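Any read-out appearing in this document is the output of simple, stated calculations on the displayed coordinates, not a laboratory observation. Since this is a predicted model, take the numbers as computed values, not measurements. Backbone-built Cβ (ideal geometry, glycine too); neighbour counts: all protein chains shown.
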Amino acid sequence: MPSHSTSPAAPARPPAAAPRRVILPSPRRPRPAGAAAGDRAPWRALRHPGMRWWSAANLVSNAGTWMQLTAQNLLVLHLTGSAAATGLSLSAQAAPGLLLGLAGGAAVDAWPRRLTASVSQALLALVGFVTAALVVTDRLSVPVLMVLAAVTGLIATVDAPACALLGNDLVPPKDVPSSIALGSVVSGAGRVGGTALAGVVIGCWGPGAAYAANGLSFLAVAAVIPFLRPHPAAEPQTRPAAGPRNKLAAGPRTKSAAGPRPAAAPPSRRGTGAREGLAFFLRRPRLVALAGITAISGIFGRNYALTLAVLVTGPLGGAAGAFGTVSTVLAVGGVAGAVLAGRLRSPSVRLVGAMAAAGALLQIGAGLSPSLWVLMVLVAPMAVVESVSDTAGTTVLQTDPPPHMRGRVLGVWRSASTGWSLVGPPLLGLLMQTAGARGALVIGGVVIAGVIGAGALLRGRRTQPGDRPAPSRVTYVPLPSAPTPVGATPAPPRTVVACTTPHPGELCAAGCTPAA
């Protein structure tokens with residue numbers, strides 16, 4: 001047999017280690033102009049089905065609320081014949097918000113929002129039906145009406161923040177300004193429609209029918225809420241777990257070393273105290289500044305039902321119809337401002353202050369108006385800029401805090417805003433009695449613009465460029481949109497500025513905007 005000689009086998013080489021590749025995301029492609037324009041559309045929140053249902057239900061509920069409020073005022077006047085008693089009933093309804101607003105916000109943070117909003121709407125419907133039954137059976141007295149008004153205010157301390165945050169959960173964060181602006185328009189439309197319907201309903205069927213209609217409107221909202229689903233991009237309500245942000249930073253977790261994992265406290269029990277909410281609010285400079293701007297504007301500048309009514313019917317010599325025309329111009333300007341504010345994507349406290357100061361300057365001009373026509377020319381832009389300021393401020397208030405703190409922040413705001421809304425009218429009335437309607441408008445505008453200007457100057461001095469820390473620099477390697485061909489030279493790294501501002505969310509000296 002022929003022998004087949006074989007050459008000795010060469011020693012096997014280990015396979016060459018493949019170069020380690022890190023897959024990085026490709027840079028974003030430029031968006032078409034139409035998409036960018038759509039992202040700034042004032043009604044973009046209506047693209048989401050949940051928001052459409054929520055807005056329709058809120059329109060019905062707001063109309064019912066204003067029907068009940070009109071009926072309540074007429075009932076108090078009928079039972080007592082005193083306008084002071086009407087004011088007392090409104091104070092009884094506002095008192096729980098002043099005293100227990102923070103506790104209501106803490107409850108909203110502790111409980112699931114959809115369940116909280118559903119239960120609160122059902123309870124408000126029950127109060128409406130009970131009041132309607134007492135009116136129809138002629139068993140409603142003034143003390144009972146005051147108690148029912150206080151119960152309504154107590155439920156509202158939980159219902160108002162729960163419904164506000166639930167509406168924001170139905171859209172992605174970038175559409176929250178549009179959602180809030182849409183809520184302002186719905187509220188205004190519900191106020192006009194509800195007040196008009198109240199006259200028809202009360203005239204045909206009596207005030208009890210208005211209370212019953214309001215109860216049905218609350219039930220409509222309670223029936224819609226279970227079918228609403230939060231948007232996938234909405235921020236979760238639960239507080240983030242304590243510990244390292246990055247799982248890799250914590251190192252591997254072995255079963256023998258770690259042992260059984262301790263049971264985590266439920267989200268509803270973790271950090272939901274009212275004191276924590278108040279401390280957070282006071283430590284947040286932008287929230288404190290927002291409260292100051294809104295308070296000074298609310299006390300000296302927004303009570304136009306008093307100041308403009310006296311100005312039109314007094315120095316300008318107009319009749320009640322003329323004041324109705326001015327009120328219509330104010331309402332239309334407010335709606336236009338809300339629509340403009342819906343185009344915003346990330347409003348700031350600086351914008352709120354600038355719009356409030358512009359409204360104060362227009363208020364000074366309105367106080368100096370020589371005629372009714374000049375007044376209406378000034379009132380229209382005044383309503384627009386103040387509506388933009390209000391909507392932008394609400395957006396900052398509801399988006400600046402972390403999700404697990406927003407209920408308590410809204411609770412603090414409810415208590416504070418109730419306080420200055422109760423202080424404002426008497427103080428403004430005293431100012432009108434001393435300086436007249438023109439003087440009250442001019443002095444109020446000067447105070448608002450002066451306080452906002454002084455605050456801006458003070459903040460500018462505290463945040464001068466020389467006082468800021470020097471921005472650090474990091475190396476950035478451009479990320480290719482396609483694999484680099486073999487032998488090609490990759491793009492050289494670039495050095496960019498990393499933000500080191502001590503105030504998250506504000507523009508730093510380098511011009512970047514860190515995440516809040």
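Tabulated results
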{"item": "Prolate/oblate/rounded call for segment 41-232, Cα gyration tensor, a/c under 1.5 rounded", "result": "prolate"}
{"item": "Potential lengthening between TRP43 and ALA454 on full extension [0.36 nm per residue; Cα-Cα distance subtracted]", "result": "144.4 nm"}
{"item": "In segment 89-176, trypsin sites (Lys or Arg not before Pro) in a DSSP loop with at most 10 other beta-carbon atoms within 10 Å", "result": "ARG139"}
{"item": "Phi-based couplings in Hz for segment 49-56 (Karplus 6.51, -1.76, 1.60; Gly and Pro marked x)", "result": "x, x, 5, 5, 5, 5, 5, 5"}
{"item": "Computed lengthening from VAL423 to ALA189, 0.36 nm per intervening residue step minus Cα-Cα distance", "result": "81.5 nm"}
{"item": "Using a Förster distance of 56 Å, the FRET efficiency for LYS174-LEU77 (Cβ separation, nearest 0.05)", "result": "0.75"}
{"item": "Cut-off 19 Å, label 7 Å out along Cα→Cβ of ALA435, residues of segment 341-358 by amide N", "result": "356-358"}
{"item": "Rounded Å value of the spacing that divides the Cα centres of segment 206-222 and segment 78-96", "result": "21 Å"}
{"item": "Cα-projected label distance for LEU115 with VAL374, points at 7 Å along beta-carbon direction, nm", "result": "6.1 nm"}
{"item": "Theoretical FRET efficiency, 1/(1+(r/R0)^6), r = Cβ-Cβ of VAL144 and ARG461, R0 60 Å, to 0.05", "result": "0.60"}
{"item": "Global form of segment 273-462, assessed from the alpha-carbon gyration tensor, a/c cut-off 1.5", "result": "prolate"}
{"item": "Distance between modelled label sites at LEU306 and VAL288, nm, 7 Å Cα→Cβ extension", "result": "2.8 nm"}
{"item": "Anisotropy class of segment 150-214 from Cα gyration tensor, a/c 1.5 cut", "result": "oblate"}
{"item": "Relative contact order [Cα under 8 Å, 6+ residues apart], segment 41-232, whole percent", "result": "46 percent"}
{"item": "By average C-beta atoms within 10 angstrom, highest first, the peptides 43-49, 179-185", "result": "179-185, 43-49"}
{"item": "Modelled FRET efficiency - R0 45 Å, HIS231 with ALA84, Cβ distances, 0.05 increments", "result": "0.45"}
{"item": "Peptides 419-432, 73-86 ordered by average Cβ neighbours within 10 Å, highest first", "result": "419-432, 73-86"}
{"item": "Residue-by-residue Karplus 3J(HN,Hα) for segment 42-47, coefficients 6.51, -1.76, 1.60, Hz, glycine and proline x", "result": "x, 9, 5, 5, 6, 5"}
{"item": "In Hz, Karplus ³J(HN,Hα) per residue of segment 452-462 (6.51, -1.76, 1.60; θ = phi - 60°; x = Gly, Pro)", "result": "5, x, 5, x, 5, 5, 4, 5, x, 5, 6"}
{"item": "Amide hydrogen neighbours beyond the local backbone of LEU228, cut-off 5 Å, H modeled", "result": "none"}
